[in-house]
Amino acid sequence: NENKSHKKNKTGPCRRWGHSSDIIDSKLFIYGGTGHTTNPRHWESVYKLELENWDWTKLEAVNKSPGARDSHSCIIHQNKLYIFGGSNGNDSKNDMYEYDLNTNSWKKIDCKGVLPSPREGHSACLFEDKYMVIYGGWNGEETFDDCYLFDIPQKTWIKVDKKTGPEPTPRESQSCCMLRGYMYLLDRKS
């Protein structure tokens, strides 16, 4: 309903870019982001939008968040948000956090394996209900063309070596989706 989609709600987030958004059931969750050039503040809040009635709720975490960031990636797995990388406005990150939607609590994940380098503007999706897949991004100097899997149960990063097909070019600020075992990059070439 177009009228409801533009409903003004004092509990909703302000205008922003570089935030993540994910849907589970009939709820949309966003995290982080930054303001436009006249308001370059970075945010560290999680908001939930009930898609059936367009009501926003700011989720109050019971512990410290990973800090303000934008251009990170996020997936939802088993009612938890998994946040990787991004920028706090000064530095690119390669840390991983989970936000439990049942308890409203943050947890930093001590990752094993071959960690991706710090980056922002990469894309991510969930694969086989077990892996977070990330591709590309940049660190302020270099744009990447690499791909990594994060094995959620094992808390382990695995670098993916491409086996077939044309090589994707380095890119950042693209989006992606997973369909029938294939990751589709929706392009923004660097």
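Look through Glu44, Glu52 and report the one residue that is more than 27 Å from Tyr148 (Cα to Cα), outside any strand (DSSP E or B) and of a type in the set (D, E, K, R).
After ruling out the rest, the residue left standing is Glu52.
A quick yes/no check of all residues on (1) more than 17 Å from Phe29 (Cβ to Cβ); (2) touching a Leu at 6+ places or on another chain (Cβ under 8 Å); (3) among the β-branched types (Val, Ile, Thr):
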residue: His77; (1), (2), (3): no, yes, no
residue: Gly86; (1), (2), (3): no, no, no
residue: Ser105; (1), (2), (3): no, no, no
residue: Gly121; (1), (2), (3): yes, no, no
residue: Gly165; (1), (2), (3): yes, no, no
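Within the stretch 158-166, the presence of a residue that is open to solvent by less than 20 Å² (accessible area, probe 1.4 Å), farther than 20 Å from Trp17 by Cβ and at pLDDT 95 or above is excluded.
Within the stretch 78-93, does at least one residue satisfy the condition of being over 24 Å from Ala61 (Cβ atoms) and of a type in the set (Gly, Ala, Ser)?
no
Just so you know, in the stretch 92-104 the residues that are touching a residue at least 40 places away in the same chain (Cβ under 8 Å) and surrounded by 14 or more Cβ atoms within 10 Å (Cβ to Cβ) include one that is farthest from Arg171 (Cα to Cα), and it is Leu101. Here the stretch 75-91 is the region considered, the condition is being outside any loop (DSSP other than H, G, I, E, B) and either touching a His at 6+ places or on another chain (Cβ under 9 Å) or open to solvent by 30 Å² or more (accessible area, probe 1.4 Å) (or both), and the residue that is nearest to Lys130 (Cα to Cα) is Lys80.
Looking across Leu115, Leu179, Leu126, Leu149, one residue alone is out of contact with any Phe, Trp or Tyr (no Cβ under 6 Å at 6 or more places or on another chain), touching a residue at least 12 places away in the same chain (Cβ under 8 Å) and of a type in the set (A, V, I, L, M). It is Leu126. Among the conditions (1) at pLDDT 95 or above; (2) touching a Lys or Arg at 6+ places or on another chain (Cβ under 7 Å), Gly113 misses just one, which is (2).
Scanning the stretch 2-61 for residues that are over 24 Å from Ser105 (Cα atoms) and open to solvent by less than 60 Å² (accessible area, probe 1.4 Å), we see that the one that is modelled with the highest pLDDT is Gly35. Please work out which one of (1) modelled with pLDDT of 85 or more; (2) within 16 Å of the chain's Cα centre (by Cα) is the condition Leu185 fails and give its number. Only one criterion is unmet by Leu185, namely (1).
Leu115: under 18 Å from Val133 (Cβ atoms) and open to solvent by 60 Å² or more (accessible area, probe 1.4 Å), yes or no? For Leu115, the condition - under 18 Å from Val133 (Cβ atoms) and open to solvent by 60 Å² or more (accessible area, probe 1.4 Å) - is met. Ala68 falls short on exactly one of the conditions (1) in contact with a Gly (Cβ under 7 Å, 6 or more places away or on another chain); (2) open to solvent by less than 10 Å² (accessible area, probe 1.4 Å), and that condition is (2).
The values are calculated or read from the model by the stated rules, or taken from the named source; none is laboratory data. Fair warning: this is a prediction, and the values are worked out from it, not measured in the lab. Every residue, glycine among them, receives a Cβ derived from its backbone with ideal geometry; neighbour counts consider all protein chains shown. Quick note on the areas: whole protein, heavy atoms, side chains included, nothing else; ligands and nucleic acids left out. Shrake-Rupley method; radii C 1.70, N 1.55, O 1.52, S 1.80 Å.
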